[in-house]
Structures are given as structure tokens and as C-alpha cells.
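Visitor: Below you'll find the structure I mean.
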Amino acid sequence: MKKIGIGLLGLGTVGQGVANIISNPNDRHPLVGELELVGVAVKNLQKSRDISLPESILTTNALEIVNNPNIQIVVEVIGGIEPARSLIIEAIRKGKSVVTANKAVIARHGEEIANEAKAAGVYVLIEAAVGGGIPIIEPLKQSLGGNQITKVSGIINGTTNYILSRMDKEGANYDEVLKDAQDLGYAEADPAADVEGADAADKIAILSGLAFGGAINRADIPTTGINQLQSIDVNYAKELGYAIKLLAISEKDKIESQSQKSQPLSVWVEPTLVPEDHPLAGVNGVNNAIFVEGNPIGQVMFFGPGAGSGPTASAVVADILNIAGIQLMSEDKSSNLDPLLSAKSWRSCHVAEQQEISKKNYIRLIAEDTPGVIGQIGTIFGQRKISIESIVQFDASESEAEIVVITHKIKQGFLKDALLDIKNLHQVKRIAATMGCL
Ligand code: HSE
């Protein structure tokens, strides 16, 4: 069967991540092997990159990708408004489905693009536009479709969360940490979009539209970033038991069965004090977390890396596979099932024998409190090729002591043999507990 042609617009941080996945299909969903990177539009052919692609597929003319009849799915990872918007629309008009990570374009021109796609009978998928690698668009569009959504809130900018976490934990300097976020590929080309809150506002506009069933006017969202935040406020918040997080919130005050759609939404982006014991306070570094509240589900939280090459590429490829699955289904006359939705088992897997499993362990022993007992236990572990992370004696009484051992990651077969040897030591009365340890 002919492969599905993919055209990439952009070979920056995310584009390289996508090209990497498509070029290395092993151990991924078999549909990845059905994709072929046919063309890649770049700004500069000479630029040195971490990935090496055949020169023949590179071009500086993005229209060549959009017009190429061998490309069925165009992936837009250029970012910014223009030329991204025009290229997306041109690709749609050429009958190609589009996958984009571009929140700025979707937040402002999403409705126009959706109308074009509807008219052309193609898909435009945007999983990577919000939350980096976190699946949140599909759940809002599909999995949570049976709910009346009341609130969507969370941390949806990785760069600012990375900066705030390091300021909070290390007292790090704002400018230095921003530079690190840029070097790590988290920040936008112009990081003002991150630190001034515009990126989070784009994303909450998109999430609101999906959750509440209508396009949002992006310009209506009150937005405050972290660029005016002072470290003294981070310190005071900490003393009062709070972490400061850049939150994006979209909520409906109440659900009225008849007039639900006419109610205004409260939507805003703002640095916010979050109580230390709130789950969002523990979301650190480049991670994002999104809470969705609805009826009848209650509250669900989506958590994971919110920016960066690999996570964002993971979301882009998820969208490519969704479209590829539908295309293959329509071509493959022997099956009318979408390969992603069907229950077909697609990889052979087998479970390892218990003794082959490698993991860390906690072991508590009751032993006589006599000289040399810890040494003997240590020797047995050593003979059985088990590396110990810590060994501590607790609660020694006149007659007995409790000894707790934490191992490094070891094969469970070795541990079983070691515990048999230890049980046979006359100073050891019993093995009182064994557990896994992360
Ligand atoms: N600059 C964005 C962020 C990238 O830091 O979250 C992911 O959209």
C-alpha cells in the first residue's frame, strides 16, 4: 500500500521532533511506519540541525509543500500568524488535511480555518497547540463530550512555570532562568508571548471554545503575565503557604438548562497564589496541568510536559495518526474499521517472568541485636549481586533490632535467593515486610 505523504512546514524544535518520530517508526504504533516525510519547508537550507534529512526533500518554498500532490497531510510548525495562516488555508483549499501546533493562529483564526476545512471536507487537528504532550484537545472534543463543562483551569505555559518553579525553589534570577528556558526549547521565538501571558491566553481561548461550544474573541481575555512579578511577592506567598502559578481560567457561573449558551464566560490569565497542598502547587518545571470540571464527571486533571521538542512532537504525531487512520480506512477495501479505533492487537507483547523484573525494594528484617549482623546481611546481598541503597537499624531493644534495607533496582530472582540466605542466618528471626520502592 502506498504510504501517506507528510509535508512539514518548519524544521525548528517541534519540526525536528516530528521528523525524528517519522524517521524512526520502530516500537511505535504501526501506522507510524505508513507515514513518509515527502517534503520539508525551511527558512535556511544551510542551517546546522540535530537531524539529518535527505537534501532532496528540503525546500525554502513552503508553497511547494502545500501544492505537492504526493503530500496528503500538511504539518504546520512554523508558529506565528503569517505566513502560517495563509499556508494552512492554502493547504486546505488544495484538499489536504492539516495538523498544527500553532495556538496563536488557532486562537485568532480558528473559526475561519474550521469553516475552510468544512467546505473542503478535510481535517484540521490541533492537539499540540495546548499543553505540549498532554492529550487535552481530544478529551475535550470526544471523551468528555457527555458532560456539561463548568470550568477549565490550570497551568498551560511551560516556560513561565519553569521560571516560577526555579525562582521558588532556588531563588533563581528571572533573566537567567528565562535564558535556560529558551535554550531548552520551551520558550516562543519571542518569549514576550510566554512571560506576558499571551501564549496562555491563546491556549485558554482554544480550550474555552472546545469546552463551551463556541469561538471566543481572543482580544476579550484579560491577561497578566509574570514579567512584572517581583521575587519579594514569591517569598511572601511562600511564607504564607502558597506557591505562585500563572493560571488560565475559564468558567461559567451556573448551568441553566435552557440558556446555557447565552451565559457569559469568565476567562482570564493571571499570576495566582495556589495553596501549597493544592495539586497545582506541585506542578513544577516545564510541566502543565489542566483541570476540567463538569457534570456528571466532577473533576479530572491532565498533567504532563507542556513544551519542548519531544512532547510537542508526540502530540503532533497523534493528530497525524488520527488522519492517517481515516485515510487508510477509506483506501483499504478489506477493512472498514479505523485502525486507531478498532480493537485489533497491533504488537506482540509478553509479560516477563517475575524473577526477571528489575525494581527497587524495601525489606524490613527482625534480627538479634548482635555485632556483625548488618555486615552479614550486606555480604549476602553483595554475593547475590544486589546493590544496596541504604541499610538502617531501627528500634534496637535488648533482644532484637529492626533492620530496614532499600535496594537499588535489582532482578527479583536475585532478591528471592538473597532473602532465602538471610532467613537462614541464625541471628535473623524473620523477614517482617517486603515492598516495592520507587
Ligand atoms: N512556549 C510555550 C510554552 C510552548 O512554554 O508553554 C508550548 O506551547
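Visitor: Please go through the stretch 166-184 and give me each residue that is surrounded by 19 or more Cβ atoms within 10 Å (Cβ to Cβ) and either within 12 Å of the ligand (Cβ to nearest atom) or in the same structural domain as Gly17 (by TED's automatic domain parsing) (or both), ordered by number.
Guide: Leu178, Ala181 - these are the residues of the stretch 166-184 that are surrounded by 19 or more Cβ atoms within 10 Å (Cβ to Cβ) and either within 12 Å of the ligand (Cβ to nearest atom) or in the same structural domain as Gly17 (by TED's automatic domain parsing) (or both).
Visitor: Could you go through the stretch 354-371 and let me know if any residue there is within 24 Å of Gly121 (Cβ to Cβ) and loosely packed, with under 10 Cβ neighbours inside 10 Å.
Guide: no
Visitor: Please specify each residue of the stretch 197-210 satisfying the condition of being of a type outside the set (A, V, I, L, M, F, W, C) and away from the ligand (no atom under 12 Å from the Cβ).
Guide: Of everything in the stretch 197-210, those that are of a type outside the set (A, V, I, L, M, F, W, C) and away from the ligand (no atom under 12 Å from the Cβ) turn out to be Ser208, Gly209.
Visitor: Separate question: For the structure I just gave you, tell me whether Leu207 is closer than 27 Å to Leu178 by Cβ and out of contact with any helix residue (DSSP H, G or I) (no Cβ under 7 Å at 6 or more places or on another chain).
Guide: no
Visitor: Please list, ordered by residue number, the helices (runs of 4 or more DSSP H) wholly in the stretch 1-114 having 1 or more residues that are at pLDDT 95 or above and more than 19 Å from Ala315 (Cα to Cα).
Guide: 62-67, 84-93
Visitor: Regarding the stretch 6-27, can at least one residue be identified that is within 18 Å of Leu87 (Cβ to Cβ), polar (S, T, N, Q) and touching a helix residue (DSSP H, G or I) at 6+ places or on another chain (Cβ under 9 Å)?
Guide: No: zero hits.
Visitor: Which pairs do you get when a residue that is under 18 Å from Gly298 (Cβ atoms), found in the stretch 129-145, comes within reach of a residue that is assigned to a loop (DSSP other than H, G, I, E, B) and within 12 Å of the ligand (Cβ to nearest atom), reach meaning Cβ atoms under 6 angstrom, with the pair 6+ apart or on two chains?
Guide: Within 6 Å, the pairs are Ile136/Val130.
Visitor: Here is a follow-up. Any idea which of (1) at pLDDT below 85; (2) surrounded by 15 or more Cβ atoms within 10 Å (Cβ to Cβ); (3) touching a helix residue (DSSP H, G or I) at 6+ places or on another chain (Cβ under 8 Å); (4) not aromatic (Phe, Trp, Tyr) is the one Ser335 doesn't satisfy?
Guide: (2)
Visitor: Shifting gears a bit: Restricting to the stretch 105-128, what's the tally of residues that are surrounded by fewer than 21 Cβ atoms within 10 Å (Cβ to Cβ) and within 16 Å of the ligand (Cβ to nearest atom)?
Guide: Qualifying residue count for the region: 1.
The values are calculated or read from the model by the stated rules, or taken from the named source; none is laboratory data. Just so it is clear, the structure is predicted and the values come from calculations on it, not from any experiment. Positions of Cβ are backbone-derived with ideal geometry, glycine not excepted, and every protein chain shown enters the neighbour counts.
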